[in-house]
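Report on the structure given below.
The values are calculated or read from the model by the stated rules, or taken from the named source; none is laboratory data. What you see is a predicted model; the values in this text were computed from it and never measured. A quick note on method: Cβ atoms are made from the backbone with ideal geometry, for glycine too, and the neighbour counts reach across all protein chains shown. The accessibility values were calculated without ligands, DNA or RNA, using every heavy atom of the protein model including side chains. Shrake-Rupley method; radii C 1.70, N 1.55, O 1.52, S 1.80 Å.
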Amino acid sequence: MKKLITLVLALAMVLSLAACGGSKDGSTEGTKKSDYPKYAITVVTSKSGSAVDNNCRALTQYLGEKLGVNIVVSNASGQNEALREVMNADKDGYTIWFGNTSPLINDAVGDSDFNVVEDFDMIASVSKGAGQVVSMKKTRAEELGIKNFQDLINYCEAHPEELKISSQPNNSTGAAVTCLMDGGLKVTTVNVGETGERITAVLAGNIDMCVTNYAAVEQYREAGDLVILVSCGPDVNPFAKDVPASGDYGMTEDFAPYYYLCGPKGMPADVIEVLETAIKEITESASYGESLATNAQLVGYRNHTELATFLANQKKLLSEHEVIGMK
Amino acid sequence: MENYLVFLRSIVELLITPRFLLLMAIFVVIGILLGALPGISVNMSLILALPLTYGMDTRTAMVVLLACYNGAQTGGLISAIMLNIPGTSSAMTTTFDGHPMALKGEGGRALGVGILTSVVGGTISFLLLIFLTPVIAKFAINFGPWEYFAIGIFSLTMITAVVGDDMAKGFLAALIGMALAMTGTDSVTNVIRFNFGNHALDGGVTTTALMSGFFAIPELLKLVMKDKDETLEVLKAKKFKGYGISFKEYLSQWKNILRSAFLGAYTGVLPGIGSSAASVLSYSIGKKRNKDGHLWGTGCVSGIIASETANNACIGGALIPMLALGVPGSTSAGILMSSLNLHGITTGPLVFQKEVNLVYMMFAVCFVANFLVLILERLMLNGFIKVLTLPRRIIMVEVMAMCFIGAYSSRSNPTDLIIFVVGGFLGYFLQKAGVKRAPIVLGYILCDIVEKNFRRGMSMTQMNMTPMFTSPIAMAFLLVAAFVMVRTVIQNIKAKKTRKAGEEEPETNI
């Protein structure tokens, strides 16, 4: 019995120690400009190995150097979980969030228990995914006589809902497909999983097309396995200038993911300013731009005010569309 | 041919460059230590090493990460055997035979065999990686949702191998595992489910927290319930030489070794299945196929071989789709891919043309690191054994502290501490009620594969299940699954009747 009590006490001690480690600074006073940051900043992001995590780590390398403190990347199981964790964190700027505009979709369709725009303090956006692209297996395109996007539109007009396209609900690829369908592309949407699974489903002939970021299919295009029919968005994808933009066909809306940072509501203004300035300087550096280009990303800086306005507008736009998989 | 020369040149370069050799040795040891700590998963080990590689060139970064990966994957067997708590989730099945062996005074031998067979499993998968990557990658493309679903169903029927006499309890245990796996964010639509209104559960019941608790807390409670201060003195009792197994005895297991290595590499190649499922599958199939399978769970070397060969063979398997298709075969491979991206390297079908030197350098690192594991982990064994001769109550306090840290650090979420404790007590009481752990683990691991792929298959075929029956691969797996199921049920009923005549089912650690 004595041993049991001792061990239970030991357990409790360990538990509280661990919990203490997890709690934040505890300071409730506003952080002074000259002080921030004094120690390591935790950036909470999506699961390890994901595209979001990848982008986060690319940024935090520079951010740590710029601010002169360690940046600890903490991986939650998804972007929404990461947001929820940050929402409940101390408002001292030592726990912030990094992710993209995908959680806006959950929010826009009323499937979120928090407001992505209003429940957080925006810091700045850092990058933008160049337009999502629609790819088809080359042999399949030849079989159907589809050489370009106009051919695809014509084929779908003649054979409505025959071709299957895969995107993922609740993320920017789902929104991109919505935009194409609202613009008149008559296809059937299916969900076969994440980027890699979508590409392999096209290669295996299980589906006809997939929507991914350009970096994921670039090598397949070069190898002659896939053809890229269109880039979703108003402008031509700078990494694939020979591919037409859906904007040329009247499908002008831009749902490309923007990567940004935010923190819990009520962060001191000077903390936001310090972070915002550091991010502005990073995004102006050539080496950061080059590292983004590897993943077909573009520099996309917006300060905290511009970012908040942009997100509010995107949310409004998303809620006007029927986002695939959510309704 | 030229590519293989690049590989050989890379091996020589690694061996004669002190910087590379030293880094590999250091990170193999770090990996083994992290892997041995319950609660610190292989993925976590890689995440901890990742920031160190930011300032390095790509080749050095790969040396560090792949050495750490190999070390961590093997390190998990140490605590699995000595403490009955797997260091990594893929070493869960190693506890089943490893720990009973330790209790019989054969802990050193179990560890030695585990290390040796891990390296053999790794080597076989790396050979496949070097010679067959393009072929295997093309083969993997043919696996769509229905094929994955059929594999999942086939694997679930393997529960029959580990349920023991009481089939009903076994299947109940599998359902408990599946229920735990379904909690949180639905992986198909991202919608939250079964969180009982508690957003702390939105991220689901995480593997690290649940499995650490599931194995560690029952051990702690068992210790508490005993009057005596128990020490694993048995480890001092029997000495062992080399790796605790003669060459002849090890070779006599060749079927088991090849089957496990193949299963490990195969499950590694298929994205989303992972090394935990590989070792569970290999152990379950081996238990049915091996001559001494009925004794597995009581302390059989062949059980350790099945588990450890498979989980290490997963490393090479998981690298194949990552390199050739740009699709990581596991989370660990995803982290490696992330590191390559950060260094400006994109993987995919052209990586063998564009980055041939780097790719074959990575293969060479896997090979050399694997052999460093063989040497260094063996050298470290005596140290581990000495630690374990300390009073168990002292060790368990440290282990519990590490488990709490590990459970928390996997996603820095206090909910994981609760999952750890609740999972632990659940494990303890289920064990007390005679419910085996293996079916719970199997249900938990396989649920996501089965559910996700069924739903994706239905989405892909517009709610039509016919393609599942017209796919030769899916049908083959489903037919074998049905056959195994029926045969096992009949066998179990017969065995139960026979045992009623007086024979008892052997007590196992499963």
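Within 10 Å of each candidate Cβ there may be at most 12 other Cβ atoms; applying that plus a DSSP loop requirement, which GluC sites (Glu not before Pro) in region B:419-510 survive? Let's see the in-between values first.
Details: sites: B:E451, B:E503, B:E504, B:E507; in loops: B:E503, B:E504, B:E507.
Here the sparse-neighbourhood loop sites are B:E503, B:E504, B:E507.
Provide the descending list of Cα extents for region B:61-146 along its principal axes, expressed in whole angstroms.
Sorted largest first, the three principal extents are 47, 36, 19 Å.
For chain A, treating each Cα as an identical point scatterer without solvent, what Debye log10 I(q)/I(0) comes out at q = 0.11, 0.13, 0.15 1/Å?
At q = 0.11, 0.13, 0.15 Å⁻¹ the computed log10 ratios are -0.72, -0.94, -1.17.
Note down the magnitude of the dipole of region A:133-249 about its Cα centre, charges +1 on Lys and Arg C-beta and -1 on Asp and Glu C-beta and zero elsewhere, to the nearest 20 debye. Show your work: numbers first, answer last.
Details: 9 positive and 16 negative charges, 21 e Å.
Dipole about the Cα centre, nearest 20: 100 debye.
What do you get for the angle between helix A:51-67 and the principal long axis of chain A? Use alpha-carbon atoms, 0 to 90 degrees, nearest ten.
Taking the Cα atoms of chain A, the angle to A:51-67 is about 50 degrees.
Angle check, please: helix A:269-284 long axis (alpha carbons) against the longest principal axis of chain A (alpha carbons), in degrees 0 to 90, nearest 10.
40
Please go through the residue pairs B:K226/B:K432; B:K104/B:K222; B:K138/B:K248 and name each one whose alpha carbons sit more than 26 Å apart in this structure.
Working: B:K226/B:K432 15 Å; B:K104/B:K222 18 Å; B:K138/B:K248 37 Å.
With Cα atoms farther than 26 Å apart: B:K138/B:K248.
Per the Kirkwood treatment, what hydrodynamic radius in Å, one decimal, follows for chain B from the mean inverse distance over all distinct Cα pairs? Show your work: numbers first, answer last.
On the way: mean 1/r = 0.0435 Å⁻¹.
For chain B, the Kirkwood estimate is 23.0 Å.
Using only the alpha carbon atoms of the protein assembly as shown, find the Kirkwood hydrodynamic radius as the inverse mean reciprocal pair distance, in angstroms to one decimal. All intermediate terms of the calculation are to be shown ahead of the outcome.
Numbers: mean 1/r = 0.0362 Å⁻¹.
Answer for the protein assembly as shown: a Kirkwood hydrodynamic radius of 27.6 Å.
Using just the Cα positions, wrap region A:67-172 in a convex hull and report its mean projected area in square nanometres, one decimal place. Don't skip to the answer; put the middle values down first.
On the way: hull surface 41.3 nm².
That works out to 10.3 nm².
Can you give me the orientation-averaged projected area of the convex hull built on the Cα atoms of region A:197-237, in nm²?
On the way: hull surface 11.9 nm².
Projected over every direction and averaged, the Cα hull of region A:197-237 covers 3.0 nm².
Once you average over the residues of B:187-193, how many Cβ atoms of partner chains fall within 10 Å of each Cβ? Walk me through the numbers before you get to the answer.
On the way: counts 4, 6, 7, 15, 6, 6, 0.
Going residue by residue through B:187-193 and averaging, the value is 6.
Given the convex hull of the Cα atoms of region A:133-249, what is a quarter of its surface area in nm²? Walk me through the numbers on the way to the answer.
Values: hull surface 24.9 nm².
Projected area, direction-averaged: 6.2 nm².
Rounded to the nearest whole Å², what accessible area per residue is found for chain B with the 1.4 Å probe? Please report the intermediate quantities before stating the final value.
On the way: 18920 Å² over 510 residues.
Accessible surface, normalised per residue, equals 37 Å².
Using a Förster distance of 41 angstrom, determine the FRET efficiency expected from the C-beta separation of B:R193 and B:T17, and round it to 0.05.
0.20
If the cut-off is a Cα-Cα distance under 12 Å, which aspartates and glutamates reach B:K496, setting aside same-chain residues fewer than 8 apart in sequence?
B:D165, B:D166, B:E504, B:E505
Counting only complete DSSP H runs, which helices of chain B cover 20 Å or more along their long axis at the Cα atoms and score a mean Kyte-Doolittle of 0.5 or above? Don't skip to the end; give the middle numbers.
Numbers: long enough: B:2-16 (21 Å, 1.22); B:18-36 (27 Å, 2.37); B:58-83 (38 Å, 1.12); B:107-141 (42 Å, 1.71); B:167-182 (22 Å, 1.79); B:207-225 (27 Å, 1.33); B:254-269 (22 Å, 0.39); B:274-289 (22 Å, -0.14); B:301-324 (35 Å, 1.15); B:356-388 (45 Å, 1.81); B:392-409 (25 Å, 1.19); B:415-432 (25 Å, 1.28); B:437-460 (35 Å, 0.33); B:472-500 (42 Å, 0.75).
Qualifying helices, which must be both long enough and hydrophobic enough, are B:2-16, B:18-36, B:58-83, B:107-141, B:167-182, B:207-225, B:301-324, B:356-388, B:392-409, B:415-432, B:472-500.
As I understand it, the value is the acute angle between the Cα axis of helix A:214-223 and the longest principal axis of the Cα atoms of chain A; what does it come to in degrees, rounded to 10?
Orientation of helix A:214-223: about 40 degrees from the principal axis.
Roughly how crowded by other chains is peptide A:76-88, in terms of the mean Cβ count from those chains within 10 Å of each of its Cβ atoms?
Numbers: counts 5, 10, 7, 1, 6, 11, 4, 0, 5, 6, 0, 1, 1.
Taking all residues of A:76-88 together, the mean is 4.
Just counting partner chain Cβ atoms within 10 Å, what average do the residues of peptide B:454-461 show around their Cβ? If you can, show how the numbers build up before the last one.
Values: counts 0, 1, 8, 3, 2, 11, 10, 3.
Taking the mean over all residues of the peptide, I get 5.
Rounded to two decimals, what is the ratio between the C-alpha radius of gyration of region B:384-448 and 2.2 N^0.38 Å? If you can, show how the numbers build up before the last one.
Details: Rg = 14.6 Å, N = 65, 2.2 N^0.38 = 10.7 Å.
Taking the Cα Rg and dividing by 2.2 N^0.38 Å, one obtains 1.36.
Give the interface area between chains A and B as buried accessible surface, both sides summed, probe 1.4 Å, in Å² to the nearest 100. Intermediate values should be presented prior to the final figure.
On the way: alone 15030 and 21110 Å², together 31680 Å².
So the buried area, both faces added, is about 4500 Å².
Order the peptides B:368-378, A:273-283, B:12-22, B:313-323 from the highest to the lowest mean number of other Cβ atoms within 10 Å of their residues.
On the way: B:368-378: 21.5, A:273-283: 18.8, B:12-22: 13.2, B:313-323: 30.3.
Going from most to least packed, we get B:313-323, B:368-378, A:273-283, B:12-22.
Using a 1.4 Å probe on the heavy atoms of the protein chains only, list every residue of region A:188-202 that has 40 Å² or more less accessible area in the complete assembly than in its chain alone.
When all protein chains are present, A:N191, A:V192, A:E197, A:T200 each give up 40 Å² or more of accessible surface.
Using a 1.4 angstrom probe on heavy atoms only, work out the carbon and sulfur share of the accessible area of chain A in %. Walk me through the numbers before you get to the answer.
Details: 6370 of 12760 Å².
The C+S portion of the solvent-accessible surface of chain A is 50 percent.
Rounded to the nearest 5, what % of DSSP beta bridges with both residues in region A:133-249 are antiparallel? Display every interim value, and only then the final one.
Values: 9 of 15 bridges.
Percent antiparallel among DSSP bridges in region A:133-249 is about 60.
Quick check on the protein assembly as shown: helices-only [θ] at 222 nm, where DSSP H runs of length 4 and up contribute -39,500 (n - 2.57) each and the sum goes over total residues. Nearest 500, please.
Working: 35 runs with 517 residues, N = 837.
-20000 deg cm²/dmol, from helical runs alone.
Which percent of the accessible heavy-atom area of chain B goes to carbon and sulfur, probe 1.4 angstrom? Could the numbers behind the result be given before it?
Values: 12750 of 18920 Å².
With neighbouring chains kept in place, the figure for chain B is 67 percent.
Using 30 Å as the Cα-Cα cut-off, could you pick out the over-long pairs in B:K452/B:K494; A:K147/B:K452; B:K354/B:K452; B:K287/B:K497; A:K164/B:K288?
On the way: B:K452/B:K494 36 Å; A:K147/B:K452 34 Å; B:K354/B:K452 35 Å; B:K287/B:K497 21 Å; A:K164/B:K288 42 Å.
Going by Cα-Cα distance, B:K452/B:K494; A:K147/B:K452; B:K354/B:K452; A:K164/B:K288 fall outside the 30 Å limit.
For chain A, set up a Gaussian network in which alpha carbons nearer than 10 Å are linked by springs, and say which option among A:A269, A:A296, A:A108 fluctuates the most.
A:A269
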